[in-house]
Amino acid sequence: MVTRYADVRAVLRDADDAFSSEQAFIPQIAMPSPMLPTESDPPATRMYRSILLREMTPERVDPLAPRMSEVCAEIIDSFRDRGHCDAVNDFAREYPIRIFVEFFGLPAERREEFREHAHTFLHSPPQRPTEWAAIRAIVAGALAAKRQSPEGDLLSAIGNGRIDDELIDIETATNIAATVFLGGLDTLPSNIAWSLRFLAMHPEMRRQLVEAPSVIPQAVEEFLRFYSVANPVRRAVRDVDVGGTVIRGGDRVFLVTGRADRDESEFEEASCVRFDRGVNRHIAFGAGAHRCLGSHLARHELVVAMAEWHARIPEYRIPASAEVSFNGGVLAVASLPLEWDVGA
Ligand code: HEM
């Protein structure tokens, strides 16, 4: 496990020398086809990413903001008058998937099924091969249709993408689309739930967001740092020194971004959440050749989630008798009961 900020960053940025992303899972489970671009190394990585990069730019994502607010408000309004909810099930999981299926181009009414597949893949390693096959089948069917009649969504762009000036082959397109499906469905709920849990436990910080919503983008950045939920893995291709420890060729390293992003040598008062943190070079989205392609979309969604929630439910708490539960893989809050006074 690599935990220091400088070491995690160095390993992430070393994609063409000592570390590879191929066969880099812990535990390593034989998969019938690779996740792309995730399980590739440069120069191939750049080729796969080029298909996605232009679809996930600010120009493509910024116009979605009003729709994000609309969906978010609709979901919160569906339970606000009840005075309680499970913030994970009712909100943190429901909102990102509704945005994602529209952006990606999958039918909204099947979102529960999609969410289950992504969740099982990311949290139950032994089930990865079957879940991967199921996800591939979902996206392959949609890709074939969108190749015939493109619809302006991400799946249409992937299915009609070009590599070296040739139309992408359907196998590669399927592996890329299935990877985006996984990247887009579980990380955001985790971050939203951690943020709400923190704010429920720290009323004075919550009031800062309510009274000055302009602080929300900085708060989101700080929550990304403080709760870095995704931990990339790399495989050493030769013996290599990482921060004074020799990693043997063939061994895998687990890059603990959550620990690295609380490293005092990089962040002043690293174990405190500070909304006034100036420079915040966190690596919640990774770094280097595989840096998260969805980071712009993710940031937008997180800012909207915090803004809409606190505009509607400014005061809330975890009930004294409630049990908050957690799970691993992507570090996640599994259940977060919250309650508030109706009419407050
Ligand atoms: C808070 C939300 C998110 C977090 C913390 C996060 C984190 C990460 C991290 C750490 C990586 C690097 C993995 C590696 O180095 O092996 C990554 C890659 C990736 N993410 Fe995200 N992600 C988030 C949201 C999203 C969203 C919303 C999407 C898509 C809609 C997305 C799509 C991807 C893709 C396609 C990759 C693979 C890039 C590559 O291998 O070149 N992510 N993400």
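Let's see how each residue does on (1) in contact with a Lys or Arg (Cβ under 7 Å, 6 or more places away or on another chain); (2) among the basic types (K, R); (3) more than 9 Å from the ligand (Cβ to nearest atom):
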site: S21; (1), (2), (3): yes, no, no
site: I26; (1), (2), (3): yes, no, yes
site: M47; (1), (2), (3): no, no, yes
site: R54; (1), (2), (3): no, yes, yes
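Residue count for the stretch 239-255 under the criterion of being within 14 Å of the ligand (Cβ to nearest atom) and buried (at least 19 other Cβ atoms within 10 Å of the Cβ): the result is 2. Within this structure, T172 fails the test of being without any contact (Cβ under 8 Å) to a residue 12 or more places away in the chain and under 18 Å from L182 (Cβ atoms). Taking helices (runs of 4 or more DSSP H) as the structural unit, those lying wholly within the stretch 82-164 and holding at least 1 residues that are of a type in the set (K, R) and touching a residue at least 60 places away in the same chain (Cβ under 8 Å) correspond to 111-123, 128-148.
For A145, the conditions (1) within 15 Å of the ligand (Cβ to nearest atom); (2) among the aliphatic types (A, V, I, L, M); (3) over 23 Å from the mean Cα position of the chain (by Cα) are fulfilled apart from (1). In the stretch 170-194, of all residues being closer than 15 Å to L106 by Cα and hydroxyl-bearing (S, T, Y), the one that is nearest to the ligand (Cβ to nearest atom) corresponds to T179. Taking (1) farther than 25 Å from P129 by Cα; (2) crowded, with 20+ Cβ neighbours inside 10 Å in turn, E70 satisfies each apart from (2).
Looking across the stretch 208-252 at every residue that is part of a helix (DSSP H, G or I) and free of Cβ contacts under 8 Å to residues at least 40 places away in the same chain, the one that is farthest from A284 (Cα to Cα) is identified as E211. Taking the numbered list (1) in a helix (DSSP H, G or I); (2) within 17 Å of G152 (Cβ to Cβ); (3) within 15 Å of the ligand (Cβ to nearest atom) in turn, E59 passes all entries but (3). Go through (1) at pLDDT 95 or above; (2) within 16 Å of the ligand (Cβ to nearest atom); (3) surrounded by 16 or more Cβ atoms within 10 Å (Cβ to Cβ); (4) farther than 22 Å from S69 by Cα and name the single condition A230 misses. Going through the list (1) at pLDDT 95 or above; (2) within 16 Å of the ligand (Cβ to nearest atom); (3) surrounded by 16 or more Cβ atoms within 10 Å (Cβ to Cβ); (4) farther than 22 Å from S69 by Cα, A230 breaks only (1). Mind listing just one residue for me: the one in the stretch 28-39 that is within 13 Å of the ligand (Cβ to nearest atom) and touching a residue at least 24 places away in the same chain (Cβ under 8 Å) and, of those, farthest from the chain's Cα centre (by Cα)? Checked the stretch 28-39; the qualifying residue farthest from the chain's Cα centre (by Cα) is P34.
Quick check: is even one residue across the stretch 41-54 closer than 17 Å to F100 by Cβ and not acidic (D, E)? Checked against the condition, which is being closer than 17 Å to F100 by Cβ and not acidic (D, E), the stretch 41-54 yields at least one hit.
The values are calculated or read from the model by the stated rules, or taken from the named source; none is laboratory data. Since this is a predicted model, take the numbers as computed values, not measurements. Cβ: placed from backbone, ideal geometry, glycine included. Neighbour counts: every protein chain shown.
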